[in-house]
Amino acid sequence: MLARLARFSFRRKYLMIFAIWVPLVVVLSAVSGAVGTDYHTEFSQPDSESKKVGDAFKAIGNGDDGFPAQIVFTAAQGNQDPEVQAAMTALFEQVDAIRLDSKNNVLTADEVAALPADEQAALTDPVKVVSPYSEDGAQQTRPADAPTNTTGQDVSFAQLTVTRVDQATTQHIADAIQELGQDVRVPGLEVEYGGQVFQKFEFPASEILGILAAVVILMIAFGSVIAMGLPIGTATVGLGVATAVVGLASRGLSIPEFGPQMAAMIGLGVGIDYALFIVSRYREHLLMGEDPETATVAALDTSGRAVIFAGITVMISLLGLFIMGLPFVQGLAVAGATAVLVMMLASITLLPALLGVVGTRINTTTRGAAAVVGIWVLCGLAGVIVDKLGIFMLVGSLVVVLTMLYQYNVTVRFFGWVIRRRTASTGWPGSAWLRTPLPERTEKAREHRFWFRWSRFIQHRPWPAFVAGAGVLVALAIPLFGIRLGFSDEGNQPKDTTVRQAYDLIADSFGPGTNGPLYLVSTDPSATAESVAAVDADLAQLQGTSIAIATPGREVGPGTWSWVVYPTTAPQDAATSDLVHHLRDTVLPASGIDVWVGGWTAGGIDFSSYIAGRLPLLIGAVLILSFLLLMMVFRSVLVPVKAVVMNLLSVGAAYGFIVAVFQWGWGASLIGVDHPGPVEAWAPMMLFAIVFGLSMDYEVFLLSRMKEEFDRTGDNATAVADGLASTARVITAAAIIMVCVFSAFALGD
């Protein structure tokens, strides 16, 4: 079937390019733009104590079940100064007056006042404010002379609770609050905004960085502009289709705002890799003396088949995330799997058509073509560095067009839209030099190549190589056994951000735990004032050790009692997690009434426990399905077992490395992490889905070539060595491209 598809795509190349793929990109992009996208993060808590706390608050209409945030302020003249108090109280009242309409548009007090009374009644209140000047917030001020205050000034904060809405609406609420704060102008007064609500994330120009890196690597690997351009072009077209499809899917699925970046990261990586493998095999068959059509069919029938199985393996790994049962994770799985599917289809349909266009010219590169590629890459890098990517890429593209027109003596007369080509005798000065082909890279005989010699070296010393390779992987995986899942707090943000400055002000005056309060709730029908007082007494015994502040229990609704507890340790610290478990397992049960521990910090702990419990199911399901697929492909049991075990070891090594850096702090400062903390709870599941899938990609390509050699020769030792020698260079280039594409995303916040 692949042979017929390759032959059809090659012979009907212009139909495939201009009647199928180009219209597909244009139409889907237009439809996606017209319909619009609806990226949103639907964060639903799994069943846990913190969810019970949230449900209890919702049942009585209390706003404490939201995202915690703070407005932190300090004034040289003191926070009790009448002018400071009047200005901040007015700000808190304005923040408290913010409303949301039915479309989640954020409205300020003035905008609300302009609406008719019936429309005002339909608005919702998204922000709960507890002012430090109120009775409930009396403990939210630390005087300059307080023992715990090391700032030398009064520090106060208003505790905000923002309703759980999608990420975009949350950001609009944060922007509205900060805009209101800009109107507060009191000499000596400093205002900062803390909590995840006020964090701002800006994605870097990751796609273009990945493409620029791939251009350089492919130029080095192929030595040909056309051979480099085919994988880049195929992946770019595929990315356009995948992005449009993911945008349309966001209308019906909970795909987070960073879903397109996820799809681009995985899609670009696999798209370039898949096309790279097919192009390499095509060039190999051309060197054997085959004509372009025969070489295309042979490349698709071998490497194309491996691309299909590799793509299915990656999709299985990504779609395995559905086992986690979280809507936003399922949305990410769909986005990533969609990108892989589109890239796989583009590699076996669009790429053969492009090969039909270039034919035997795939190894030909002129001086002008090499020059414009270098100019385009430099312009792209300059645009990223100075943050003017659009302008620099436009200039680079313009230079490319003008250089190519000059190279081929093309004159464009805009008045009358006349395009003509000058004759060779009257060509532009230097155009002939630009058209001069660069010497084609001569390929060494296989037995003289590095990877052939390396394959024979490994083949002759299998046990030392096995022990060394396995030893490195096992050593890197050892830290995995000490992994602690959780969520990092705002103390890891850059020091010049408002959330970090607010975090530091609170930590330096109240203690770091004040940045992550715990909310305790009891709906026990047997709760009385006496039993609530017993809880107060138990919490008071922990003050000064694991608890910094504990508010007395109060009835916030019929039959619902609530406490607020501020730990002495930061939200991401292991001691805070220990406190939550100590309260749940020992302290609160002794009170005689049921009391639940919740809030954002406790919710993160519960979420981490949920992920840790579901992760073995994800790993097990993906391993079994991958094993069955490989068993069908290679008609073997030992080969799939070896592949699964080796890739599981490599994933374990990746986990261990991350634990050593982010949790233990080894070299963390080199990448801008101030202090170690837990491994993000979502990281292991996403890493497994991505890393296992992509590493199995290379496994499939390598084993496919080895099986080809074995079917041809019947000699296992020769098949293993020759298979490695034939694919090692391509796999290495593909892996380096993948590393560069992913590294580009590491430049983001």
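The values are calculated or read from the model by the stated rules, or taken from the named source; none is laboratory data. These figures come from a predicted structure and were not determined experimentally. Here the Cβ positions follow ideal geometry from the backbone for every residue, glycine too, while neighbour counts run over all protein chains shown. Accessible surface areas use protein heavy atoms only, side chains included; no ligands, DNA or RNA. Shrake-Rupley method; radii C 1.70, N 1.55, O 1.52, S 1.80 Å.
Here are some notes:
- Efficiency of FRET between D301 and D674 - r from beta-carbon atoms, R0 56 angstrom, step 0.05: 0.55
- Taking 7 Å steps out from each Cα toward its Cβ at V472 and A612 produces label points 3.1 nm apart.
- Heavy-atom accessible surface of the stretch 619-749: percent carbon and sulfur, 1.4 Å: 73 percent
- Three semi-axes of the equivalent ellipsoid, the chain, Cα gyration tensor, whole Å, largest first: 56, 33, 23
- Added length on full extension, which subtracts the Cα-Cα distance from 0.36 nm per residue, V26 to I220: 66.6 nm
- Long-range tail of P(r) for the stretch 93-148 (Cα pairs > 13 Å, %): 67 percent
- The K495 and V395 beta-carbon pair, evaluated with R₀ = 41 Å, returns a calculated FRET efficiency of approximately 0.70.
- Mean projected area in nm² (Cα convex hull; one quarter of hull surface) for the stretch 440-503: 10.5 nm²
- With 0.36 nm allotted per residue and the present C-alpha distance subtracted, the V739-A109 stretch has 221.9 nm of extension available.
- Only protein atoms count toward the accessible area here, which uses a 1.4 Å probe; on the stretch 151-256, the carbon and sulfur part of that area reaches 58 percent.
- Rough spin-label spacing in nm, given labels placed 7 Å along Cα→Cβ, for N716 and S526: 6.9 nm
- Beta-bridge orientation, the chain: approximately 95 percent antiparallel, per DSSP, counting only bridges with both partners inside.
- Take S280: with every protein chain present and a 1.4 Å probe, its accessible area is about 20 Å².
- Think of a 1.4 Å ball rolled over the protein heavy atoms: the chain then has 45 Å² of accessible area per residue.
- Calculated FRET efficiency for the pair A574/D38, C-beta based, R₀ 45 Å, to 0.05: 0.70
- Distance-filtered residues of the stretch 701-726 - backbone nitrogen under 11 Å, label point 7 angstrom along E443 Cα→Cβ: 726
- The stretch between T436 and A371 holds 22.2 nm of extra length on full extension. This uses 0.36 nm per residue minus the Cα-Cα distance.
- At 1.567 mPa s and 4 °C, Stokes diffusion of the stretch 326-389 via Kirkwood alpha-carbon radius, µm² per second: 83 µm²/s
- Bridgeable lysines around K642 (alpha carbons under 22 Å apart, same-chain partners fewer than 8 residues away excluded): K707.
- Distance between the stretch 261-308 and the stretch 321-336 - C-alpha centres, whole angstrom: 29 Å
- Pairwise Cα separations in the stretch 571-617 fall into 5 Å bins from 0 onward with the following percentages, short to long: 5, 20, 25, 22, 16, 9, 2, 1.
- Rounded Å value of the spacing that divides the Cα centres of the stretch 575-637 and the stretch 687-724: 35 Å
- Cα long-axis angle, helix 259-287 against the chain (0 to 90 degrees, to the nearest 10): 10 degrees
- Note on E83 and A537: the model spin-label points, each 7 Å out from Cα along the C-beta direction, lie 5.0 nm apart.
- Pairwise centroid distance, computed over Cα atoms, of the stretch 434-454 with the stretch 100-169, Å: 67 Å
- Over the stretch 664-743, relative contact order from alpha-carbon pairs under 8 Å, at least 6 apart, %: 18 percent
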